[in-house]
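Working notes, structure below.
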Amino acid sequence: MDLLRNKAVGIFTDINELRAAHYLKYKNGKIEITRYWNVKTKECNDTFDEAKEKVKELLTDSIKRQMVSDVPIATLLSGGLDSSLITGVVAKNQESQLSTFSIDYEDNDKFFKKTDFTVSLDEHYIDVMSKAFNTKHEYKTITQDDVVKYLHDALYAKDYPGMTDIDSSMLWFSKEIAKEYKVILSGECADEIFGGYPWFYRKDLNDRRLFPWINNLEYRQSLLNEKLQDKINLKEIVEEEYEKMINELEEGDRDKKDKRLFYINMTHFMQALLERKDRMTMYSTLEARVPFADTKLVEYLWNLPFEYKYNNNTEKYLLREAFKGVIPDEVLNRKKNPYPKTHHPKFLNLVRELLKQRLENKDSKMYKIFNIEEINKLLNSEEDDILPWYRSINDKTSVNCIFV
């Protein structure tokens, strides 16, 4: 069991799952866990122009290889850089008309709030791409009622709490696509390997010693029942996990900020998104392929200077330069936008009502786990404190979803 604790993860007692890139052998009562792949640091003297050509070659090759299928394929198209590059390459290398799909939420255009991270709606850029490559595009719009309805299904699909409305909407979206297609290509992982998230280039974020996307640990701690607060120290747990990851790096890389950032993104943030996509799609009898997660591409990017990936105040600079002329400039130069989430106040009201119903049951395990006084404060608050790059624990919508 000591070996499992070091090489496996899990949230249930005595139930573990292997980490990515590991395999397990059981023989004569003994367990042996081996890591079969990892990034390796080595000297790379490629110029920026050479790196552009190599990246274009590696990603195009990955996309083409993942187009091989016994059944017709489609692509997800958000109008962002990553999904658009995949769509463009597939459309150019497929004889038949390519089908593309996108998701949005009911009345999102009416309630959209621009932030530093969510800068624009997708529809215009999707139209530009669909016209440029003559794709057969289908817009899928989920109602607020369905976003809430699928929260429970998404929990069962994932086997443990996840990313609330972006899980439930992805599950619904996958089921809709699966009515017509069984294989799709998707753009996950580009931000993790090309430096697309704000914490790669914003000093106030990447100077943090711990995982830069985790906020307000003290507040999260306060949501626990007082007895649990004495037993569980969230900050210590996060610190321990972070140090464990950093110690997996080669010694010469541990003091390099860019190496630390890329490694923890690869082992945690990217892993979380890939698992979400895999569980939501496979639960829906849909196979999702992610060309950006190609090992050859990841290994090559690991040894390139960060200045290649972020330059001229532009995230994913290398990727954009490598594919100039492949997709329309308007899409190529679009600032990163995250997977869409609902902005409709109806969704918050729906999950708030669900949480109130749970709290009416005084025998609920919630009372043994959480600080109900703090939960009620959150539930009744009118403030909407949303951090600008990712769903925060202070976003009431996310917190209410977690508890329902």
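No lab work stands behind these numbers, since they all come straight from the coordinates. None of the values given here were measured: they were computed from a predicted structure. Cβ sites come from the backbone with ideal geometry, for glycine too, and all protein chains shown count toward neighbours.
Quick one: if the Förster radius is 35 Å, what FRET efficiency do Glu330 and Lys257 give, using the C-beta to C-beta distance and rounding to 0.05?
0.60
Taking every DSSP beta bridge that has both residues in the chain, what percent is antiparallel when rounded to the nearest 5?
Beta bridges within the chain, antiparallel portion: roughly 40 percent.
Just grab the label-to-label distance for Tyr219 and Asn361, each label 7 Å out from Cα along the Cβ direction, in nm (one decimal).
Modelled inter-label distance: 2.8 nm.
So the label point goes 7 Å from the Cα of Asp204 along Cα→C-beta, right? Which residues of segment 305-341 then have their backbone N under 11 Å from it?
Once the point is set 7 Å along Cα→Cβ of Asp204, nothing inside segment 305-341 turns out to lie under 11 Å by backbone N.
Based on the mean of other beta carbon atoms within 10 Å per residue, what is the order of 124-131, 326-333, 41-48, 315-322, most packed first?
315-322, 124-131, 326-333, 41-48
Please list, ordered by chain and number, the residues whose modelled amide H lies under 5 Å from the amide H of Lys140; skip anything fewer than 5 residues away on the same chain.
Ser102, Ile103, Asp104
Between Ile11 and Lys368, what length comes free when the chain is fully extended (0.36 nm per residue of separation minus the Cα-Cα distance, one decimal in nm)?
So the extension gain works out to 126.7 nm.
If the reach is capped at under 20 angstrom between alpha carbons, list the lysines near Lys54, excluding any in the same chain fewer than eight residues apart.
Lys40, Lys42, Lys64, Lys92, Lys296, Lys309, Lys316, Lys324
Separation of segment 280-328 and segment 141-202 by C-alpha centroid, Å?
So the two Cα centres are separated by 19 Å.
What list of ³J(HN,Hα) couplings, whole Hz, do you get for segment 159-176 from phi and the Karplus terms 6.51, -1.76, 1.60, once you set θ to phi - 60° and write x for glycine and proline?
6, 6, x, x, 10, 6, 5, 7, 6, 5, 5, 5, 5, 4, 4, 5, 5, 5
Simple spin-label model, 7 Å along Cα-to-Cβ: Asp230 to Asp46 in nm?
Once both label points are built, they end up 5.7 nm from each other.
Would you please put 305-311, 229-235 in order of how densely packed they are, using the mean number of other Cβ atoms within 10 angstrom per residue and starting with the highest?
Put in order of decreasing packing, that is 305-311, 229-235.
Where a ≥ b ≥ c are the square roots of the eigenvalues of the C-alpha gyration tensor, would you call segment 223-284 rounded, which needs a/c under 1.5, or, failing that, prolate if a/b is larger than b/c, or oblate?
Here segment 223-284 falls in the oblate category.
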